[in-house]
1. With respect to the cross-link table entries Lys443/Lys472; Lys362/Lys401; Lys441/Lys466; Lys199/Lys220; Lys441/Lys548; Lys60/Lys220, which display a Cα-Cα separation exceeding 19 Å?
2. Taking the Cβ of Ile90 as the center, what net charge do the other residues with Cβ under 12 Å away carry, scoring Lys and Arg +1 and Asp and Glu -1?
3. At 1.4 Å probe size, with every protein chain present, just tell me what the per residue accessible area of the range 331-426 comes to in Å².
4. Can you give the charge dipole size of the range 380-537 about its Cα centre, rounded to the nearest 20 debye, using +1 on the beta carbon of Lys and Arg and -1 on the beta carbon of Asp and Glu?
5. Compute the length gained on full extension between Asn389 and His57: take 0.36 nm times their separation in residues and subtract their Cα-Cα distance, giving the result in nm to one decimal.
6. Can you check how the C-alpha radius of gyration of the range 331-426 compares to 2.2 N^0.38 Å, as a plain ratio?
7. When 1/r is averaged over all different Cα pairs and the result inverted, which Kirkwood radius in Å belongs to the range 442-551?
8. By per-residue mean of other Cβ atoms within 10 Å, what is the highest-first order of 58-65, 519-526?
Amino acid sequence: LKMSGFWFHLPLHLLTVTSLCHSIKAPTTSSQQSFKTNLFNFYHSLILADGKETTVHLLKDIPKRYYFVLEEGRVLAPFSITVTPCDVPIEWSILVYKSPPGKATPGDHDTQEVSKSQKAASMVSTIFNYKGNSVETYMGMSSHSALYLLEFLSTERDTHITVYLTTDTTSGHLYPELPMDPRIDVIGVGHTTVTLTWKHSPSVLQHRESIQYCLLVNEKHNYKSLCAAETAIRSSGMKLPPTLSLSLSPYLLEPQQVMILSNSELSIINKVSSGEVRQVCMGTKNTYTVPNLSPSTQYYFDVFIVNLLTNASAAYTGTFARTLEEPEPKVTELKDGKVIHVVLDGKKQKFHSLQYQARHKKIHFTFQLCRGQIRVHITRNGKTVASENLSGLRYLSLKGKLLDTYLVQLRSTEESNSSVKVQASPHFHKPLFPLLPESLKIKSFSKLRTCRSVTIAWLGTQEESKYCVYRKRIEEDQIWTELQSADRCSGPESRHKSEKVLCKYFYDLNLQRAVTTETIKGLEAGTFYLFDVYLFGPSGIPVRYHSKVVKTRKKC
């Protein structure tokens, strides 16, 4: 094809372009330049596949073009084009080149030339253009042979999009269908939960086995497509599985990802700089309560309907909600010398506050951790004076002024129940709890074990105290449960009388010799026993040593 001195060597797939433009004489002046540009655009364009989703990578400020041709001879040929931006807003347009009804007759008159130029220009027209980051679909109908050019441009940065062209509008859709009302409704908001519901997709009713709903939760903003959400997560340092990280196919998680599978729901939590990004797939359920959110925080929720066979998806209209503020923790008044037993539910009530007004300059706090894990935070007149994780028995001595106000905040650091005993007193010389040894561990001597007896030892103190030993026969599969569930604040009153072995008094002014041993007899061969030692001080309140499990010899 020769045009104003330029030869274009067209490949076979561009013969349609040649046939469409063969009858058009090259226009003059400005129309001539436009016409040459249009042909050049076709020459540097790619074919857009019909019936297949195409991923297009765009470089900043560099347009990319694709074309397709409607079949000749078809009457009222329908087609649709769906473009999904996966990051920043883009510009895209559709141009159509229509074949003229007949050849123009050559002439020399200027008016005839102008008329031909206008006619040639009218053969090329822009039928659609859009700028933004929403998913857009253009549906068209053509009654004669035509060639279409799609042009895409990103002016912000390098990005990628997906394009889907189909000329077969009767055999179903690649993308799952959205309901007439695609909004997500917030039907419940709590301190740490938000309950959502949405109308069912028609695709769920037709293809229940291959369709599922997936929810994305984040603290930044809503996303208009699944590929936009995945791109945002990747750009923040995360690495996601192919196409839909929410699908139930197995894959390796990154260190910043946590996967939770319960009740046939797969949850993936990504830790990113802007907060958590959660992804949950719940099958075909259209109501879901998002758990474990932070109080007084705004979250954005997006629901995607996903075809598991094609990985194609459609997005509901996203919504947002703010969780309720954390209720003020209950404050209990601490009185001199009185012991308060605080129980914290790791799921519902994680905090408890105790208030104490000093009547002396020096105050002594005593904490006995009974169960679980608890962190204590103490402020004096609003300023922090102590903050640490509790372990066993802990004494804290604080010096201040008369009438100082102390606030003791206790927080459970695990999901299971935790409990602690607390005492505040200005009289440290009369402690509620007994003087403790360096270690509360019980030691057993393997060489002294027999089929019928076990020898154990424990440390004492320089203060004469009472020690009581208890034993309990257990099965091997009960060991972990017994050790984990033990209440370290409970005394012998919680034990069965038959479990008591003996009680004894002892002390030694030399701590190096403050050790006692005891041989427990009358045991059964090859059996596991749980041993406990209770230490009683002057006040009579016991401290429980760490439980010890020992197995008697099977053969002697």
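The values are calculated or read from the model by the stated rules, or taken from the named source; none is laboratory data. Note that the coordinates shown come from a computational prediction; the quantities given were computed from them, not determined experimentally. Cβ atoms come from the backbone with ideal geometry, glycine included; neighbour counts cover every protein chain shown. These area figures cover heavy atoms from the full protein model, side chains too; ligands, DNA and RNA do not enter into them. Shrake-Rupley method; radii C 1.70, N 1.55, O 1.52, S 1.80 Å.
1. Pairs exceeding 19 Å: Lys199/Lys220; Lys60/Lys220.
2. -3
3. On a per-residue basis, the range 331-426 sits at 51 Å².
4. Roughly 460 debye for the range 380-537.
5. Details: separation 332, 0.36 × 332 = 119.52 nm, distance 5.22 nm.
Fully extending the segment from Asn389 to His57 adds 114.3 nm.
6. 1.01
7. Taking every pair of different Cα atoms in the range 442-551, averaging 1/r and inverting gives 14.6 Å.
8. The packing order, highest mean first, is 58-65, 519-526.
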